[in-house]
Amino acid sequence: MSAATSQAIAPAESVTRVKEGSTIAAPPPRNVAVDAYRGLVMVLMMGEVMRWADTAKAFPGSTFWRILAYNQTHVEWAGMSLHDTIQPGFTFLAGVALPYSIRSRQRKGESFAHMLLHTMWRSVLLIALGVFLRSIDHPITYYTFEDTLSQIGLGYTFAFLIAFLKPRWQWVWLGVILFGYWMAWALYPAPEANYNWAAVGVSPEFVQKYLYHGFAAHWNKNSNLGNAFDVWFLNLFPRTSRFAYNDGGYLTLSFIPTLGTMLLGLIAGRWFHESAPKIPLRKFAIAAVGLMAAGLVLHFAGICPIVKRIWTPAWTLWSGGVCLAFLAAFSWVIDIKGYRKVAFPLVVVGMNSIAAYLMAHLWEEFILSSFKIHLGMGFLNVFGTGLEPFFLGVLTMGAYWVMLYWMYKKKIFIRI
């Protein structure tokens, strides 16, 4: 959450051979660590069906279930739960896959113009797919662009172009994007003391717990530059009612700092290629610590808070460091320690991540209702009514995996 989109969200293409004179140039082997990390991201996303929060309510005294529930929900504003690592992981891995995608197409002899047109087409499809999924249960097409796929699609062509620059210019563009975006928000007027929070969907409880004051107030919910842009932009599209705010605070313009996350992935993917066959574990670890430290400094200094919902530049740095830490961990376990068999269940999911994404969004209700109809609530409550949502979710996750395993065995991989 593959090459561009099949590599923006799935793996690099694995069987590509090109004649170079009289020789055959074979592609490099698959990066199993990347596939496994992508699989973890998808499992965390699909895992919402296990409804840990509902089980935690049934066992209010259980610290175990409370911790699980916290990590299967997004934090209200600043901070990070495990669930908040899904979208950054999706986006980061889109960048990691870019060098693989580009080199694969270059081995096929594709021109830059052809690759660029194909990339733009992928971007459009990703944006459209995100809009399609967000429109489910709406009476008309629901034009909103905060979906993970749409956010990747909006930035993907820019990431593709930056991938052709020299390494130092990739870092320069990362800095320009994050600093420029921060500056634009800092210059936009912060809400005044008598601001009408109810008019932008911000509850009194949220105001009391999460509202920023002073300079950090520029990043308050639904009173910022991004919301002002959406009030103009999203109302250009047909709607059943005028757009005023997003309930969760999510924004279209978040694709700009999200592009920064993709560039961090692009840099990590380049490090893989430059270091091959060795694994640049030291670079990953140093960069992870440095990025997380930079994000924390910005947050606690009041310069820019770490907020995933509006994808602040500090969030880009912090979450990018977390993604690099995950990548380093998977590379160490799989490539250095050699535990590839342990990672296989995740690889099955990671190699067909578009299919997994669509299953979780389109098939969940059908699978849940099928289990209820054919197994019966007596069976589903075998461990007690409090654990019924969790047990039903585990069965659904098993059904997802069996279908993805069947596709893996049949070599059916959905790509864009």
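Do any residues in the stretch 182-211 that are closer than 18 Å to Trp311 by Cα have Cβ atoms under 8 Å from those of residues that are assigned to a helix (DSSP H, G or I) and among the aliphatic types (A, V, I, L, M), where the two are at least six apart or on different chains, and which pairs are they?
Short answer, once both residue conditions are applied: Ala184/Leu225; Trp185/Leu225; Tyr188/Leu225; Tyr188/Ala228; Ala190/Ala217; Leu211/Ala217.
Identify all residues within the stretch 302-317 that are within 14 Å of the chain's Cα centre (by Cα) and either aliphatic (A, V, I, L, M) or part of a helix (DSSP H, G or I) (or both); write none if there are none.
Hits for the stretch 302-317 are Ile310, Trp315, Thr316.
Among Ser135, Ser104, Ser123, which is the only one that is of a type outside the set (Val, Ile, Thr) and at pLDDT below 95?
Unique residue meeting the criteria: Ser104.
So, of the residues in the stretch 308-324 that are surrounded by 24 or more Cβ atoms within 10 Å (Cβ to Cβ) and among the β-branched types (Val, Ile, Thr), which turns out to be nearest to Asn220 (Cα to Cα)?
Among them, the one singled out is Ile310.
If you scan the stretch 392-416, which residues turn out to be under 14 Å from Ala356 (Cα atoms), in a helix (DSSP H, G or I) and not hydroxyl-bearing (Ser, Thr, Tyr)?
Passing the criteria: Met397, Gly398, Ala399, Trp401, Val402, Met403, Leu404, Trp406, Met407.
Can you name the number of the only condition in (1) surrounded by 14 or more Cβ atoms within 10 Å (Cβ to Cβ); (2) under 30 Å from Asn31 (Cα atoms); (3) modelled with pLDDT of 95 or more that Phe391 fails?
Failed condition: (2).
With the structure loaded, tell me whether Asp54 is among the acidic types (Asp, Glu), farther than 21 Å from Gly248 by Cβ and over 14 Å from the mean Cα position of the chain (by Cα) or whether it fails that test.
Spelling it out, it is not the case that Asp54 is among the acidic types (Asp, Glu), farther than 21 Å from Gly248 by Cβ and over 14 Å from the mean Cα position of the chain (by Cα).
Just to be sure before I move on: is Leu125 aliphatic (A, V, I, L, M), surrounded by fewer than 19 Cβ atoms within 10 Å (Cβ to Cβ) and under 21 Å from Met351 (Cβ atoms) in the structure I sent?
Here the answer is yes, as Leu125 does meet what is asked.
Checking the condition at pLDDT 95 or above, out of contact with any His (no Cβ under 7 Å at 6 or more places or on another chain) and not aromatic (Phe, Trp, Tyr), which residue from Leu362, Leu358, Leu327 passes?
Unique residue meeting the criteria: Leu327.
Based on what the data block shows, is Val43 in a helix (DSSP H, G or I) and of a type outside the set (Ser, Thr, Tyr)?
Criteria met by Val43.
Within the stretch 192-301, which helices (runs of 4 or more DSSP H) (wholly inside it) include 2 or more residues that are in contact with a helix residue (DSSP H, G or I) (Cβ under 6 Å, 6 or more places away or on another chain) and surrounded by fewer than 21 Cβ atoms within 10 Å (Cβ to Cβ)?
Helices (runs of 4 or more DSSP H) meeting the threshold: 225-233, 255-275, 281-300.
The values are calculated or read from the model by the stated rules, or taken from the named source; none is laboratory data. All of these numbers come straight from a predicted model, not from anything done at the bench. Virtual Cβ from ideal backbone geometry, glycine too; neighbours counted across all protein chains shown.
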